[in-house]
C-alpha cells in the first residue's frame, strides 16, 4: 500500500533530494546613519525603507531578488564550526535570568529590561557567541501602532478578564523582536506494519430468545510504505515564550521570505537561537512523525487502524535559519507574568490571560438564581 507516493524512479528521487546550493559567507556588518542629521535610521515596518525617528528622512532598502538559500543538513554538520560567526552589527549579547533569552544587542543600543518577559537585566553584556547566520527573514509588516490596537482589541474581547487587566492594555508597551526559527525539508520513506479493522454486523439471541444486532470488528494484518516530502517544517529556536503560544502563531507566509539584510534589523531586537540545529531537527522529526502516522492510517483504511511499527528514513534533508517578526508584551498580574504575542507579518494575536474568579462566581450565581426563578414560576402555575 502507499499514499500519494511519488515516482520512485532513480531520476525522480535524485530530483527530489538534490542538495541545494550552500552559501557559507556571512553578510558583512553595516551601520545606518541618517544622511541629514546623522542619527541612526530604523527600519519602517510595511515599507521598504529606513526612517530617521528624529528628522523623518527615509532611505530605501535595495531589494535582493536572488533565491532564498537552503543548506544541506548533513554537509553543514560536518564542518559547522568553520562557518559560524557573530551576527553583523550585534557583537554583544545579554542573558535574561527570567526567561533564558539570549538577547543580541545592537552595537549602538543599551537595554535594561528583557523584551520578552520585562525582567530587569542585572547581568553585564558579554561578547556574543558565534552562530549559524540567518539565511532569510520576514520583515516586519505590522506597525507598532497596529500591533497595539490588535493587542487592545484582543484583551478587551476576553471573557471573565479582571477589570485591572483591561486597563493594562492602554499602556501599549510592545517590543519588536526578530525571533529565530529553523525550517527543515526532508524526503521521508516510512515502512510500516499494522492491522486493519473492518466492522461487520451479526444477529445474536439472548437467553430469552430475543434477537439483537451487534457490531464486531474483523482484524487483518497489513504492511506498506508511505513516501512523503515535507517542506518548511517550522521549529522555533527560542525557549523564551510558552510553546502553546508559539503553536497558535502558525499563519506565517513563508513564501514571502527575503534574503537576510541587516537593514531590516535596524531599530528592532534580535534573539540568538538556544535550540541548536540538531535539537531543532529532532523536534521537526517529531512533527513529521505525527503527519506520517496520519498518512499511514489513511493508507491502511477500514473502520479502525492499529500501527504496530514504523521505520522512517530521512533523505536529502535541508534547512534554513530564519528570523520571524513578533511584537511581544508581558504584564504582571497578582505576581504572575503573562505574555502576549502579535505576529509582525499578519497581526494575529496569541496570549496568556488570567481569569477573574469573582466574575465567574457572579455569573454562576446569576444562572442559579435564574434557574431557581424559573422552577418557582413553574411550581406556581402547577399549584
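The values are calculated or read from the model by the stated rules, or taken from the named source; none is laboratory data. All figures in this text were calculated on a predicted structure; none of them were measured in a lab. Every residue, glycine among them, receives a Cβ derived from its backbone with ideal geometry; neighbour counts consider all protein chains shown.
Can you name the residue in the range 264-293 that is in a loop (DSSP other than H, G, I, E, B) and crowded, with 19+ Cβ neighbours inside 10 Å and is also nearest to the chain's Cα centre (by Cα) among such residues?
Among those residues, the one meeting the criterion is 273.
Name the one entry in 310, 342 that is at pLDDT 75 or above, buried (at least 20 other Cβ atoms within 10 Å of the Cβ) and assigned to a strand (DSSP E or B).
Exactly one of 310, 342 is at pLDDT 75 or above, buried (at least 20 other Cβ atoms within 10 Å of the Cβ) and assigned to a strand (DSSP E or B), namely 342.
What is the residue count in the range 247-271 for residues that are in contact (Cβ under 8 Å) with a residue 24 or more places away in the chain and farther than 29 Å from residue 41 by Cα?
Number of matching residues: 3.
Yes or no: the range 219-233 includes at least one residue that is at pLDDT below 90, surrounded by fewer than 19 Cβ atoms within 10 Å (Cβ to Cβ) and either in contact with a strand residue (DSSP E or B) (Cβ under 9 Å, 6 or more places away or on another chain) or within 27 Å of residue 48 (Cα to Cα) (or both).
no
Tell me whether the range 38-47 contains one or more residues that are modelled with pLDDT under 70 and closer than 24 Å to residue 327 by Cβ.
Within the range 38-47 (the criterion being modelled with pLDDT under 70 and closer than 24 Å to residue 327 by Cβ), the answer is yes, since at least one residue qualifies.
Is it the case that some residue within the range 185-203 is under 30 Å from residue 103 (Cα atoms), surrounded by 11 or more Cβ atoms within 10 Å (Cβ to Cβ) and at pLDDT 95 or above?
Scanning the range 185-203, I find at least one residue that is under 30 Å from residue 103 (Cα atoms), surrounded by 11 or more Cβ atoms within 10 Å (Cβ to Cβ) and at pLDDT 95 or above, so the answer is yes.
Quick test of your reading of the structure: residue 250 fulfils all but one of (1) surrounded by 15 or more Cβ atoms within 10 Å (Cβ to Cβ); (2) within 16 Å of the chain's Cα centre (by Cα); (3) outside any strand (DSSP E or B). Name the failing condition by number.
(1)
Looking at the range 71-84, which of the residues that are at pLDDT below 90 and not in a helix (DSSP H, G or I) is nearest to residue 130 (Cα to Cα)?
84
Give the residue that is surrounded by the most Cβ atoms within 10 Å (Cβ to Cβ), with candidates limited to residues of the range 93-123 that are under 18 Å from residue 262 (Cα atoms) and modelled with pLDDT under 70.
Going through the qualifying residues, I end up with 106.
Please specify each residue of the range 216-241 satisfying the condition of being under 21 Å from residue 288 (Cβ atoms), part of a strand (DSSP E or B) and in contact with a helix residue (DSSP H, G or I) (Cβ under 7 Å, 6 or more places away or on another chain).
224, 226, 228, 229, 230, 232, 233, 235, 236
Can you say whether residue 332 is at pLDDT 70 or above, part of a strand (DSSP E or B) and exposed (fewer than 15 other Cβ atoms within 10 Å of the Cβ), as far as the supplied structure shows?
Yes, satisfied.
Only one residue in 300, 322, 296 is over 20 Å from the mean Cα position of the chain (by Cα), closer than 27 Å to residue 184 by Cα and modelled with pLDDT of 90 or more, so which one is that?
Residue meeting the stated conditions: 296.
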